[in-house]
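These notes are about the structure you will find just below.
The values are calculated or read from the model by the stated rules, or taken from the named source; none is laboratory data. Owing to the predicted nature of the structure, the values given are computational and were not obtained by experimental measurement. Using ideal geometry, Cβ is built from the backbone for each residue, glycine included, and neighbour counts are taken over all protein chains shown.
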Amino acid sequence: MLTIILILFTSLFFTGIILRTKSIASGRKGPGIFQPVKDVIRLFRKGAIYSETTSIIFRIAPVIYFSTVVMACLVIPFGSEKGVVSFDGDFIFFAYVLALGKFFSIISAMDTGSSFEGMGASREALYSMFAEPAFFILIGSFALFTGNTSFHAIFSSLHLGSSITYTLGGLAAFVLIMIAMIENSRMPVDDPKTHLELTMIHEVMILDNSGFDLGLILTAGFIKFAMYGAIIADFFIGSLALSLALPLFLLIQFTYAVLVGIVESFMARFRMSHNPQFILALSSVSFLIFLGVLLVLEKFV
Amino acid sequence: MTNVLLIIFIISLLYVTIGNRIITYVRVLALQGVLLFGVTFLQLHEIQTWNLVLILLETVVFKAVAVPMFLSYLIRRNKITRETEPYLPHFISLIIVTIIVVITVLLANSIKDTYLDKIFFIVSLSTLFTGLYFIATRKKIITHVMGYLMIENGVFVLSLAVGNEMPNLVNLGIMLDVFASVLILGIFLNKIGDVFKDVDVDQLTNLKDY
Amino acid sequence: MTLIYLISAFVIAGLIFLNRNTVLNYILVVLFGILQTGFAVYACFNYKNTFLQYFSFDSLGLLLLLTLSVVSIAALIHSYLYIKRHDETPQSRAIYFAAIVTLLTSISAAYLANHIAVIWIFTELTTLSASMLIYHHRNKLSLEGTWKYVFICAISITFVFIGILFLSLSLQHAGSTDLSFANLMAHKDQLNPFWLKLAFLFIFTGFTAKLGLVPMYTAGIDAKDKAPAPAGALLSSVLMNMGFVAIFRLYVIISHTSIFHWANLIIFIAAFLSIFVATVYMTKVINIKRMFAYSSIEHMGIVMLGLAAGGIGCYAAVLHIILHTFVKSSIFFQYNQVYRTFQSKSLTHVGNYFKYNPTGAIVLLIGFISATAMPPSGLFVSEFLIFKSLFDANYIILLILVLILLTIVIYAFGKNIFKILFLPVADIDESNIPKINPWESLSQYILLSAAIWLGLNPPAVFVQLIQDAVNFLPK
């Protein structure tokens, strides 16, 4: 229960902090921290316009996307507290519920009949396909390391001791952050501020949505961000007590947002043809983490 | 700690696979030299000091400093263009190199030997085959030379695995390094740069069975 | 004496390299010839001794050293004639002779070494000196040949080094650290078979660059093509013997362990593929020197087949190597005269050699008969024994395939040689053809008749030495 409240709470601030960081890095003052929330509230008050070439898929996709994101939030633990739902293998549930949402947004993008949206949809599908083995191998290695298979159990029993486990932990944190950036369509894989359809990946999929639907999609985006931030934070606060975990959680979310803002300010997006190999490199690094876990566990000498 | 350095070594292999520019290769070779220096320092503590100092100097001075500097000099002097010009796209190279690491891990798993630290075996064989793969799939001659230097790094890792009992083998390996590198790099690449305009393997196909 | 030999040889090489005076260079070369012969004689008298801990005069080393000394005298004479005729600059002449001296010394030392790391060091030295020889003409094509040779040999040497590391790993189980062959033999039952397999695989692959088998034979082809003919003779005879010695010494140890059959299988595959490759290329090659180079590869394939077959094949393999040295080097020495007559390396421009140089043409004819192992050549005896050993060991299918391939080789080789010797070339300018002194073919006649004599009526000492060499292999 606590996790959901915290995630919803931080999602209010997350995108705002990113925007603010980017503005300050460019020398501007920037909008207020709640500006994205205000934008979404304004969108909720508007009506949606549906194109005549779309079908029912286009109308239900935003709702499904939003609900899958909320469902995925349910399994995230917080510190030593379970999520609302926790069972063995729930990280697979997590990954595939998000995939369901992504699937619906992809087919709704293709439903519009616009070639730009189809192009963005295919790219999005490609990147998710390559990021999936990275995520599974990573969480799988942790499951192997701790001997448990649910998010809560994994994170609460994660103990980092020797130098090699610290290295693996560092690598894993890097891979997790990168996966989070990819899933949220951020730099260096996707530029959210580009206005050229040829270079958009996620933005182009939601070009035709408007009004309430757009508000839902944007809210789902905020929650997704905060959710991945929560997973990354869980990585560090897995076994701490509540009083220590809470401020640490907020601190990590804040640092994550600032980090995303800094990366977006100072890096250009990778060349489009380099994106797949970058994401695949993450899978290879995850495989190395798996190798390291095997080494630590002495499954082979 | 040795394991950490060796895992970073494999990551450097993956990084080289997706690198676009030749300068990336040179920098990764320098990084590998520094990593080897660390591994040598941690691993070889049973051999006498004078020998150890020599080996340490060789790794850090030769592999990490001298050879990369000489390579950048060659690149500038022969006006070699920045691209690495592979025959296969980087994406497929990445998959192949990952498969190489996987196969090496599986191979190492089937060995039942307690005298050898498996991680050395894995790292050295992966580097060896990645170096061979580089030589086979790159067009430029200078990338061939860098593939060869990578093979030598892999051989050095393997010689560290047996280095404590037989330090002479490590010395032999260093001699191989210095000798072959000076021979290949120093003499012939200069000559090739002078004689051939484009330092490209396509130019080296005139010796045929015609 | 070994130490004196090594040091003085390197000193002579260094002096030749630094010195530009013609007369002094030639005196130093003659000095080296005397030194080499003296060392060979000394080795005869010190049979079965070990010097400097790393060099032992065993039978195989002794035999090959004697062949090396004989061929080296001819090589030095022909090098002198070659250099004199080509009017070289003093610098390139100095480099050429220094390289030949270093090459001969390193090969002699590698024959006699009884520690695998010492063989490895001298093999590296041969790479260096051979590459200097290949680059003698300093044009674009020879640069390409040199680069390929250096690169592939460097990779092969690295492979051999990895093999040495695996060998030391397999020796660790026996608790010993000395990598000399005698020590390996003493601990042969305690060597870890897995590491030994890997060691054999890597060392074998590495030395195929010198020996001229699949997979690393490609370096040698371009090398023999581009090197000046006397140096090419050395590269295709005594250098290949060095590869054979290295593999043979390891093979002797492996033959007493449990991986013997696996090692034989590897050698069979490599040898058969080499003969196959040589056959394919010989039917389509146009450059004469490359044809001779591929013929060397085919012979090495036959030799390794005999070695792996066992029994009488091992004796025949060593005999074949020695006879092949004489035959192939004499063919290469003769080639220089062919080139001088026609100014071209290609088969399309060479023909009717009998008319212009009968003495030399007869050398080529006898060389062809010897190289394709027809009687009365000594190679006929050794090849026949190798086929007999294959038959005895029940490798019938392999034998039939090899015989078919060899028939194709004889066809291709014969077609080309008869074209060179008898078929006149259209529109050839006869006024430019130089008159070649028949006495220059004398050395080749001596070498070829030595090959015939040793094959058909070998002296008892010779037979005894070869039998000693293969004594340790299982019957």
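For region C:146-157, which positions are farther than 19 Å from residue C:230 by Cβ and either outside any helix (DSSP H, G or I) or at the interface with another protein chain (Cβ under 8 Å from one of its Cβ atoms) (or both)?
Once the filter is applied, which keeps residues that are farther than 19 Å from residue C:230 by Cβ and either outside any helix (DSSP H, G or I) or at the interface with another protein chain (Cβ under 8 Å from one of its Cβ atoms) (or both), region C:146-157 yields C:147, C:148, C:150, C:151, C:154, C:155, C:157.
Just checking, which of A:49, A:18, A:33, A:4 is under 30 Å from residue A:79 (Cβ atoms) and part of a loop (DSSP other than H, G, I, E, B)?
After ruling out the rest, the residue left standing is A:33.
Looking across region B:6-27, the residues that are more than 9 Å from chain A (Cβ to nearest Cβ) and either modelled with pLDDT of 85 or more or under 15 Å from residue A:282 (Cβ atoms) (or both) come down to B:6, B:9, B:12, B:13, B:16, B:21, B:22, B:23, B:24, B:25, B:26, B:27. The number of residues in region C:208-221 being assigned to a helix (DSSP H, G or I) and surrounded by fewer than 24 Cβ atoms within 10 Å (Cβ to Cβ) comes to 1.
For region B:78-92, the set of residues classified as part of a loop (DSSP other than H, G, I, E, B) and not basic (Lys, Arg) consists of B:78, B:80, B:81, B:84, B:85, B:87, B:88, B:89, listed by residue number. Looking across region B:128-146, the residues that are within 11 Å of another protein chain (Cβ to nearest Cβ) and at pLDDT 90 or above come down to B:128, B:131, B:132. If the condition is being β-branched (Val, Ile, Thr), out of contact with any Gly (no Cβ under 7 Å at 6 or more places or on another chain) and within 13 Å of chain B (Cβ to nearest Cβ), then region C:99-145 contributes C:116, C:118, C:119, C:121, C:123, C:126, C:127. Candidates in region A:52-66 are the residues that are in a loop (DSSP other than H, G, I, E, B) and touching a residue at least 24 places away in the same chain (Cβ under 8 Å); of these, the one that is surrounded by the most Cβ atoms within 10 Å (Cβ to Cβ) is A:54.
Taking the criterion of being closer than 23 Å to residue A:198 by Cβ and among the β-branched types (Val, Ile, Thr), the only residue of region A:265-288 that qualifies is A:279.
Among the criteria (1) of a type in the set (D, E, K, R); (2) within 14 Å of chain A (Cβ to nearest Cβ); (3) free of Cβ contacts under 8 Å to residues at least 24 places away in the same chain, the one residue B:79 does not fulfil is (2).
Number of residues in region A:144-172 that are in contact (Cβ under 8 Å) with a residue 24 or more places away in the chain, over 23 Å from residue A:2 (Cβ atoms) and of a type in the set (A, V, I, L, M) equals 5.
Screening the candidates A:243, A:286, A:265 for the property of being of a type in the set (S, T, N, Q) and within 14 Å of another protein chain (Cβ to nearest Cβ) yields one hit, A:286.
Results for (1) of a type in the set (A, V, I, L, M, F, W, C); (2) in contact with a Lys or Arg (Cβ under 9 Å, 6 or more places away or on another chain); (3) surrounded by fewer than 20 Cβ atoms within 10 Å (Cβ to Cβ), shown as yes or no for each residue.
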{"position": "B:76", "(1), (2), (3)": "no, no, yes"}
{"position": "B:88", "(1), (2), (3)": "yes, no, yes"}
{"position": "B:98", "(1), (2), (3)": "no, no, no"}
{"position": "B:105", "(1), (2), (3)": "yes, yes, no"}
{"position": "B:119", "(1), (2), (3)": "yes, no, no"}
{"position": "B:125", "(1), (2), (3)": "yes, no, no"}
{"position": "B:135", "(1), (2), (3)": "yes, no, yes"}
{"position": "B:152", "(1), (2), (3)": "no, yes, no"}
{"position": "B:158", "(1), (2), (3)": "yes, no, no"}
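For region C:45-92, a residue qualifies if it is charged (D, E, K, R), without any contact (Cβ under 8 Å) to a residue 24 or more places away in the chain and part of a helix (DSSP H, G or I), and exactly one does: C:84.
Could you count how many residues in region A:287-301 are surrounded by 20 or more Cβ atoms within 10 Å (Cβ to Cβ) and either in contact with a Phe, Trp or Tyr (Cβ under 8 Å, 6 or more places away or on another chain) or within 30 Å of residue A:30 (Cβ to Cβ) (or both)? So the answer is 1.
If you scan region C:393-422, which residues turn out to be loosely packed, with under 14 Cβ neighbours inside 10 Å and not in a helix (DSSP H, G or I)? Matches in region C:393-422: C:394 only.
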